[in-house]
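Enquirer: My structure is below; once you've seen it, I'll send some questions.
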Amino acid sequence: MRTLAIMTRVLKELVRDKRTLALMFLAPIFILILLNFVFSASQSTNVTVGTVTVSQSLDQELAQTKHVAVKSYSDLAAAKQALKADRVDAIVHQKQHDYSLTYANTDASKTTAVKMAFHNALTAHTLTQFKGKLASTAITLAKMRQQLPNAPLPQQKTTATATPKITNHYVYGDTHTDFFDKILPILMGFFVFFFVFLISGMALLKERTSGTLDRLLATPVKRSEIVFGYMLSYGILAIFQTILIVLVTIWLLGVEVIGKLVDVVLINLLLALVALAFGILVSTFANSEFQMMQFIPVLVIPQVFFSGIIPLDSMAGWVKDISYAIPLKYSGDAAAQIITRGVPLTSLGLDIGVLLLFLVCLTRLNIVGLQRYRKV
């Protein structure tokens, strides 16, 4: 009977806690619907290939390949500039009968798609040329028969067509670079965001539930001073945690960094401050550690799917628009640009500006959020 009494009391408390019930039953449905939209998107890979001094027939064969766009350039320097500016994914340069292919290789799936498209186009191009030569030979033989009907046919010499030499070059990585190398900058940012969010949110929640925050609010200290004090204290821990995660990820996993390592650290430090402010904000709406944990699949996990791990250009327009409200997308884009292309920090103004905007807005919301506990 005592066991039943305890069970009844706990059930009554759960039923009265509408927020917990919503997180338990509505959050999983929300996540499943979101995953359905994300993973039901087209998984085809679209690539753009720049061609230099390539024959017109091969150009046409490449252009007729599905999901391949072709841009022709007059010289190799212009094509390399387009590759550096991310306007093309690869360059095909023809030198007499040989070909030189240069891949950006920041996305292994696009590199593979270009290789397959070029191989198929070259095969079709060679076959077309061979058919043309056969047709020309047949016409010549037919004319000779008409001119000399009783003369024996001349012996045709078989000329072997030289196999073209194909040379592959990679701007980033090498032939062993795979999909994991592409998503690693995003995963690195996610782990920074997740652990800073979790630690800051849980720590402030403990401060509030233990009564420490209430006693602090009873003093003449301003709400802004309280928020900045917590952010500075947890921010120092976040700095060491972020540096550790970035360095271990790059050195232990052997990631090739074309840009400056310090730029990668700074981008992730900015993301950590955003996660810190976000965690503090969410903790003001949670009444227990249980509720704080339930906010994670709703607010944190979906960020992974809209940060670029799954190609955003394959998603529906309205689904893709969600990614613009995800801070992890901007840090992932910036870190990937530094790591794979060597882009300097000064050229990442948009990504840095948006992250700073997130930080300012979340900090302001934290100050306003303390009004729930003190009005002044």
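Enquirer: Return the only residue of ALA85, ALA77 being modelled with pLDDT of 85 or more, closer than 21 Å to ARG341 by Cα and surrounded by fewer than 12 Cβ atoms within 10 Å (Cβ to Cβ).
Expert: Values: ALA85 fails: modelled with pLDDT of 85 or more.
After applying the criteria, what remains is ALA77.
Enquirer: Here is a follow-up. Has region 239-247 got at least one residue that is of a type in the set (A, V, I, L, M, F, W, C), under 27 Å from ASN287 (Cβ atoms) and either in contact (Cβ under 8 Å) with a residue 40 or more places away in the chain or assigned to a helix (DSSP H, G or I) (or both)? Walk me through it before giving the result.
Expert: Start the filter on region 239-247 by keeping residues that are of a type in the set (A, V, I, L, M, F, W, C), which leaves 239-240, 243-247.
With under 27 Å from ASN287 (Cβ atoms) added as a condition, the list becomes none.
The answer is no; no qualifying residue exists.
Enquirer: Those residues that are without any contact (Cβ under 8 Å) to a residue 24 or more places away in the chain and acidic (Asp, Glu), I need them from region 88-116; list them, please.
Expert: Of everything in region 88-116, nothing turns out to be without any contact (Cβ under 8 Å) to a residue 24 or more places away in the chain and acidic (Asp, Glu).
Enquirer: Could you tell me which residue of region 178-188 is most open to solvent (accessible area, probe 1.4 Å), considering only residues that are more than 14 Å from ILE301 (Cβ to Cβ) and in contact (Cβ under 8 Å) with a residue 40 or more places away in the chain?
Expert: The initial filter retains those residues of region 178-188 that are more than 14 Å from ILE301 (Cβ to Cβ), namely 178-185, 188.
Right, trim to in contact (Cβ under 8 Å) with a residue 40 or more places away in the chain and you get 178-179, 181-185, 188.
Values: ASP178: 73, PHE179: 91, ASP181: 46, LYS182: 40, ILE183: 21, LEU184: 13, PRO185: 6, MET188: 5 Å².
Of everything passing the filter in region 178-188, PHE179 is most open to solvent (accessible area, probe 1.4 Å).
Enquirer: Restricting attention to region 8-48, which residues are touching a His at 6+ places or on another chain (Cβ under 8 Å) and modelled with pLDDT under 75?
Expert: Initial filter on region 8-48 (touching a His at 6+ places or on another chain (Cβ under 8 Å)): 44-47.
SER44, the sole residue that qualifies.
Enquirer: Another question about this same structure. For region 229-238, name all the residues that are open to solvent by 90 Å² or more (accessible area, probe 1.4 Å) and in contact (Cβ under 8 Å) with a residue 24 or more places away in the chain. Lay out the reasoning, then the answer.
Expert: At the first step, the residues of region 229-238 found to be open to solvent by 90 Å² or more (accessible area, probe 1.4 Å) are 232, 236-237.
Matches in region 229-238: LEU237 only.
Enquirer: Considering only region 199-228, how many residues are open to solvent by less than 70 Å² (accessible area, probe 1.4 Å), farther than 18 Å from PHE358 by Cα and not in a loop (DSSP other than H, G, I, E, B)?
Expert: 12
Enquirer: Let me ask another. Given the conditions (1) open to solvent by less than 60 Å² (accessible area, probe 1.4 Å); (2) of a type in the set (S, T, N, Q); (3) at pLDDT 85 or above; (4) farther than 24 Å from GLN129 by Cα, and given that THR51 satisfies all but one, which numbered condition is not satisfied?
Expert: The single condition THR51 does not satisfy is (4).
Enquirer: Ok, one more. Within region 86-134, count every residue that is out of contact with any helix residue (DSSP H, G or I) (no Cβ under 8 Å at 6 or more places or on another chain), farther than 22 Å from ILE310 by Cα and of a type in the set (A, V, I, L, M).
Expert: 2
Enquirer: If the requirement is being closer than 30 Å to PRO220 by Cβ, open to solvent by less than 60 Å² (accessible area, probe 1.4 Å) and either touching a strand residue (DSSP E or B) at 6+ places or on another chain (Cβ under 7 Å) or among the hydroxyl-bearing types (Ser, Thr, Tyr) (or both), which of these qualifies: SER288, SER331, SER323, SER307? I'd like the intermediate steps shown before the answer.
Expert: On the way: SER331 fails: closer than 30 Å to PRO220 by Cβ; SER323 fails: closer than 30 Å to PRO220 by Cβ; SER307 fails: closer than 30 Å to PRO220 by Cβ.
It is SER288.
Enquirer: Also, I was wondering about something else. One residue is enough: does region 348-356 have a residue meeting the conditions closer than 30 Å to THR175 by Cβ and at pLDDT below 90?
Expert: No, because not a single residue in region 348-356 is closer than 30 Å to THR175 by Cβ and at pLDDT below 90.
Enquirer: Could you tell me whether ALA63 is buried (at least 19 other Cβ atoms within 10 Å of the Cβ), within 29 Å of ASP181 (Cα to Cα) and of a type outside the set (S, T, N, Q)? Give the steps one after another, and end with the answer.
Expert: On the way: buried (at least 19 other Cβ atoms within 10 Å of the Cβ): no; within 29 Å of ASP181 (Cα to Cα): yes; of a type outside the set (S, T, N, Q): yes.
No; evaluated as a whole, the condition is false for this residue.
The values are calculated or read from the model by the stated rules, or taken from the named source; none is laboratory data. These numbers come from a predicted model, not from an experiment. Using ideal geometry, Cβ is built from the backbone for each residue, glycine included, and neighbour counts are taken over all protein chains shown. Surface accessibility is based on the protein's heavy atoms, side chains included, excluding ligands, DNA and RNA. Shrake-Rupley method; radii C 1.70, N 1.55, O 1.52, S 1.80 Å.
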